[in-house]
Amino acid sequence: MIVFDLQCRLHGHRFEGWFGSSADFEAQQARGLVACPHCGTSEVEKALMAPNVARKGNQDGPTPGKTLPVARSASLPPEAQQALAMLAQVQAEALKHSRWVGGDFAEQSRAIHYGERADEPIHGQATPEEARSLLDEGIAVMPLLVPVAPPDELN
Ligand SMILES: [Zn+2]
């Protein structure tokens, strides 16, 4: 197996793709079988090696290639499906008044915790390492049970 950093031509979304070989990738790409997981386009090419991208601003978004835990819902018992749907609803309700801060989550949580800015509910993205160090500092964070799409991807 070989892993490529790929990029869609339409939006520049980056993601990883696993292929049997380089030729395998080219064959699948030529047949339009390689699609961007963010927008679905098959206008996909190998990404150039990433320069160090600034972490601020509009670069926030799901880490490309990062996987989310998923289950095929049809294979879950109905009670579990119901419970998960309810959780999703409760979470959505709880986050209604919370502000999406994307990848700035750790930074903003610290700012609030240390009184550098007004307290408000926020949610966003953190790596497991960031979450752990926030907890180490006594800043209460918890994982969301249902993945939340960044607002700018919901259109
Ligand atoms: Zn895309």
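Here are a few things to note about the model shown:
- Estimated FRET transfer efficiency when R0 is 25 angstrom, pair Asp119-Lys96 (beta carbons, to 0.05): 0.90
- Taking 0.36 nm per residue of sequence separation and removing the Cα-Cα distance, the Ala27/Arg110 pair yields an extension gain of 25.1 nm.
- Shown is the FRET efficiency for Ala80 and Cys39, computed with R0 = 35 Å from the Cβ-Cβ distance and rounded to the nearest 0.05: 0.70.
- Within the range 2-50, the proportion of Cα pairs with more than 18 Å between them is 18 percent.
- Rounded FRET efficiency, nearest 0.05, which uses the C-beta distance separating Lys46 from Leu135 and R0 of 30 Å: 0.20
- Table column - 3J(HN,Hα) (Hz), the range 93-99, Karplus curve with 6.51, -1.76, 1.60, x for Gly and Pro: 5, 5, 8, 3, 9, 9, 9
- Sparse-neighbourhood loop sites, chymotrypsin sites (Phe, Trp or Tyr not before Pro) in the range 67-143 - DSSP loop, at most 10 other Cβ within 10 angstrom: Tyr114
- Share of Cα-Cα pairs in the range 73-150 lying beyond 19 Å, as whole percent: 44 percent
Where a number appears in this text, it was derived from the coordinates with a stated rule and is not lab data. Bear in mind the structure is a predicted one, so any value in this text is a computation, not a measurement. Here Cβ is always computed from backbone atoms with ideal geometry, including for glycine, and neighbour counts include all displayed protein chains.
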